Structures are given as C-alpha cells and as structure tokens.
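First up is the structure itself, then whatever we jot down about it.
The values are calculated or read from the model by the stated rules, or taken from the named source; none is laboratory data. As the structure is a prediction and not an experimental result, all values here were calculated from the model. No Cβ is skipped: glycine too gets one built from the backbone with ideal geometry, and neighbour counts run over all protein chains shown. Surface areas here come from the heavy atoms of the whole protein model, side chains and all, with no ligands, DNA or RNA. Shrake-Rupley method; radii C 1.70, N 1.55, O 1.52, S 1.80 Å.
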Amino acid sequence: MMGLLLVMGACGTKEKREKENSKDETVVENLSFESYKFERMGEYEDSDTRASDGERYVRYVSEGVLPRDLGTGGAGMLRDSLMRMALLVSDDEGRPAPLMPDSMIRVYNIPDSILNCGFVYTSLSTTLLTPRVVVWEIDRETYAYHAAHGNRFTGYVNYNLTNGKIINLSDLMNPGYEDKLTAVLREKVKEENIQLLVKPEELEIPKAFAITSDGLLFSFNPYSIAPYSEGIIKIDVPIDDILDILSKEGMFILTGNK
C-alpha cells in the first residue's frame with residue numbers, strides 16, 4: 001500500500017554541489033516520501049441500541065504522503081507530528097490506520113449494505129518543496145450521521161530542511177511583527193468581501209499558515225471568523241507586503257536569498 005513517491009537528490013558534479021553547499025547551506029540529499037491510502041469502518045460499541053446502520057458506523061477514508069528520509073534531523077519526530085494532526089496511528093504492521101475514539105471498535109471489512117453513515121475523510125499532501133523547506137497541508141472533513149452539515153479543518157506543517165525543525169511564524173519574522181501582519185490580514189479580508197462573524201478590527205493572526213512560492217498563506221477554519229457557509233478562508237500574503245517585517249532567516253527560507 002505504501003509506495004515511494006519521490007526521491008530528490010542533489011545533481012551535478014561534486015565540485016558544483018560543494019560550491020552550492022558553501023554558498024547557502026541548503027543541499028539536502030536523499031529526500032524521500034511514501035504514500036498511504038486506506039478505507040476503514042468504525043462501529044460504536046453500543047451499536048445494538050442505535051436505530052439504523054447509519055448511526056452505528058463511521059467510515060474512515062484517508063490518503064496522503066509521509067516523510068521517509070529528510071536528511072538533516074531525520075523524519076521521525078516530523079512523521080509523528082503529521083500523524084497526530086491527521087488523526088492517524090500505526091497498525092500492527094507499522095502502516096497508517098485511523099485513530100478512533102475509545103467508544104468505537106475497528107471493523108476491517110466494510111459491510112456492502114452500508115450506504116449512508118457518518119464519515120471522516122483526511123488528506124495529507126505536500127504543497128511546496130524547495131531546497132530549504134517542505135510544506136504539508138492537512139485537510140479533514142467530518143460528518144455525523146443525520147447532522148445538518150459536516151465540518152472541515154485545514155492545518156499546515158512547514159519543515160526546515162536545513163536544520164531539521166518545524167518552522168514557527170516567529171522564525172520568519174522580526175520581533176514586533178504582529179501589528180503589521182495583523183493589519184495586512186485585516187485589509188485583505190476586507191478586500192475579499194467575506195461575511196464575518198467578528199468585526200474586521202477584531203481579526204487576529206491565525207495559527208494555520210503555510211509557506212508558498214509567493215509568500216505566505218493564512219487559513220481560517222469554519223466558524224473561527226466566518227459562518228460555515230463561507231467555508232475555509234485562505235488569505236495569500238505576497239512577500240512584497242511583508243518585506244519590512246521578514247527576518248533575514250525568513251527571507252532566506254522564503255526566497256533563498258541571504
């Protein structure tokens with residue numbers, strides 16, 4: 001089920017690699033990732049008391065990409081963090097499996113008769129890969145049977161390939177960046193003409209952010225600042241809008257320039 005998706009190695013002559021490494025210290029060899037995909041059913045322990053099969057079962061569907069080898073720092077701790085965010089555990093054979101509530105038992109053979117039930121769908125994908133950083137996006141959609149609608153969640157993990165650490169927003173910014181970045185986000189939300197649950201001047205910097213090829217992306221999950229009907233709100237912030245608050249390290253991670 002798991003297969004190697006991507007192997008990225010430094011190319012060119014040995015002299016070229018050494019020259020590039022001494023210049024920006026970003027040559028990371030033997031990056032590799034592996035894919036997974038599964039579909040499982042969870043059955044509530046008290047299923048005998050539930051009126052229909054739809055209320056008894058929850059379908060778990062998940063697919064994604066996990067790190068196998070990321071050079072500096074290894075992939076162990078990062079892999080654990082990604083699996084927790086994606087609600088995954090390792091089965092007896094070390095493969096990703098759904099993390100189910102204590103009130104459920106795992107059912108491996110999905111009953112063909114179950115057409116309608118609750119579900120949890122999770123996707124774990126890489127959205128950016130550069131010599132300095134790899135970014136994961138975690139998307140999760142859940143639905144409880146007979147609910148008016150489901151719910152969605154999006155999160156990100158930005159991983160620094162040069163030092164083997166997860167990147168925090170403060171790692172990219174100069175001290176005191178909060179006021180300027182907050183003002184930029186508030187202005188962009190106004191430009192999007194989004195129906196808000198809060199006043200624009202009350203909007204804060206969200207925890208979910210991703211490094212992109214153009215700058216940064218910030219994500220607000222449903223109900224955090226807007227009603228469910230607005231969905232997940234994603235705000236792109238180009239590098240030019242935050243040049244004055246980017247730290248030297250932030251500029252290097254985002255652009256490769258010191």
**Rounded Å value of the spacing that divides the Cα centres of the stretch 27-92 and the stretch 113-164** = 10
**Message:** How long are the semi-axes of the equivalent ellipsoid of the stretch 127-258, taking √(5λ) for every eigenvalue λ of the Cα gyration tensor, in whole Å from largest down?
**Reply:** 28, 19, 10
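Quick check on the chain: helices-only [θ] at 222 nm, where DSSP H runs of length 4 and up contribute -39,500 (n - 2.57) each and the sum goes over total residues. Nearest 500, please.
-5500 deg cm²/dmol
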**Message:** Taking 0.36 nm per residue of sequence separation and subtracting the Cα-Cα distance, how much length would be gained by fully extending the chain between N168 and N257, in nm to one decimal?
**Reply:** 30.1 nm
**Request:** Determine, from the Cβ-Cβ distance of A147 and K180 and an R0 of 45 Å, the FRET efficiency 1/(1 + (r/R0)^6), rounded to the nearest 0.05.
**Result:** 0.65
**Asked** What is the count of Lys pairs in the chain whose alpha carbons sit under 12 Å apart, if the two are 8 or more places apart or on different chains?
**Response** 4
**Message:** So, R0 is 35 Å and r is the distance between the beta-carbons of S247 and D92; what FRET efficiency does that work out to, to 0.05?
**Reply:** 0.20
**Prompt:** How long is the gain from S103 to F38 if the chain were fully straight, where each residue apart is worth 0.36 nm and the alpha carbon distance is subtracted?
**Reply:** 21.3 nm
**Surface per residue (accessible, 1.4 Å probe) for the stretch 63-180, Å²** = 51
**Fill in**
Applying the gyration tensor rule to the Cα atoms of the chain (axes a ≥ b ≥ c; rounded if a/c under 1.5, else prolate if a/b exceeds b/c, else oblate), the class is oblate
**Prompt:** In the chain, what percent of the accessible surface is made up of carbon and sulfur (1.4 Å probe, ligands and nucleic acids excluded)?
**Reply:** 47
**Fill in**
Scoring the chain by relative contact order with C-alpha pairs under 8 Å, at least six apart, yields a percentage of 15
**Stretch gain in nm, segment S47-N193, where the contour uses 0.36 nm per residue and the Cα spacing is subtracted** = 48.0 nm
